[in-house]
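Just so it is clear, none of the values below were taken in a lab; they were calculated from the coordinates. What you are looking at is a predicted structure, and each value in this text was computed from that prediction instead of being measured. Heads up, the Cβs are rebuilt from the backbone with ideal geometry, glycines too, and the neighbour counts pull from every protein chain shown.
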Amino acid sequence: MATIFTKIMNGEIPCHKVAEDDHYFAFLDINPLKKGHTLVVPRQETDYLFDIDDEYLAGMMVFAKKIAVAIKEACPCNRVGVAVIGLEVPHAHIHLVPMDSMNDLNFGNPKLKLTPEELAETAGNIGKRVRL
Ligand code: AMP
């Protein structure tokens, strides 16, 4: 059965898309730690990130870098933090989170409650800055 992220990439479940190419997809996390919290997902369904083959994983990191550059431009922050958790959704993904302090990357923090309008605006602001 397709994962929830595959359904998102296929357009069966809505998302706030940031960018996509033939191999990878980026969209906003629905429960963000910070405004601009984005997930980078490979189209290939693999549960654990480090089970992805070398070349495809390297390409995913390069794609994530381009998304992180755009996040930093759109959502002013000290750095864009990178995290891999993967305990909830069995489809590998990288979290990119704008951060100003170490605590901003604490997944135990309460999640932000952003409106659909705020999420759409944020996705648009990041997406228009992505240079693939
Ligand atoms: P984890 O697998 O532990 O890295 O957590 C999965 C992440 O995916 C969580 O941060 C969720 O908020 C996020 N997530 C789950 N479903 C959706 C969805 N439909 N759209 C956007 N983000 C989602």
Seminar exercise, completed: A58 fails exactly one of (1) touching a helix residue (DSSP H, G or I) at 6+ places or on another chain (Cβ under 8 Å); (2) among the small types (G, A, S); (3) more than 16 Å from the ligand (Cβ to nearest atom), namely (1)
For this session: List every residue pair whose Cβ atoms sit under 6 Å apart, with the two residues 6 or more apart in sequence or on different chains, where the first one lies in the stretch 14-43 and is of a type in the set (D, E) and the second, anywhere, is assigned to a loop (DSSP other than H, G, I, E, B).
Result: D21/L132; D29/H37
Seminar exercise, completed: Within the stretch 19-47, the residues that are more than 11 Å from the ligand (Cβ to nearest atom), of a type in the set (V, I, T) and surrounded by 20 or more Cβ atoms within 10 Å (Cβ to Cβ) are V40
For this session: Would you check which residues across the stretch 75-132 are in a strand (DSSP E or B) and crowded, with 17+ Cβ neighbours inside 10 Å and list them?
Result: V80, G81, I94, H95, L96, V97, P98, M99
Problem set entry | Filter result for the condition that a residue is basic (K, R) and within 11 Å of the ligand (Cβ to nearest atom), over K7, K72 | K7
Problem set entry | Filtered residues of the stretch 120-131 (kept if over 15 Å from L96 (Cβ atoms) and under 15 Å from the mean Cα position of the chain (by Cα)) | A120, G124
For this session: Output the number of residues of the stretch 11-58 satisfying the condition of being closer than 27 Å to C75 by Cα and either in a loop (DSSP other than H, G, I, E, B) or among the small types (G, A, S) (or both).
Result: 21
Exercise. Which one of these is in contact (Cβ under 8 Å) with a residue 60 or more places away in the chain and either touching a strand residue (DSSP E or B) at 6+ places or on another chain (Cβ under 8 Å) or among the basic types (K, R) (or both): K65, K7, K72, K111?
Worked result: K111
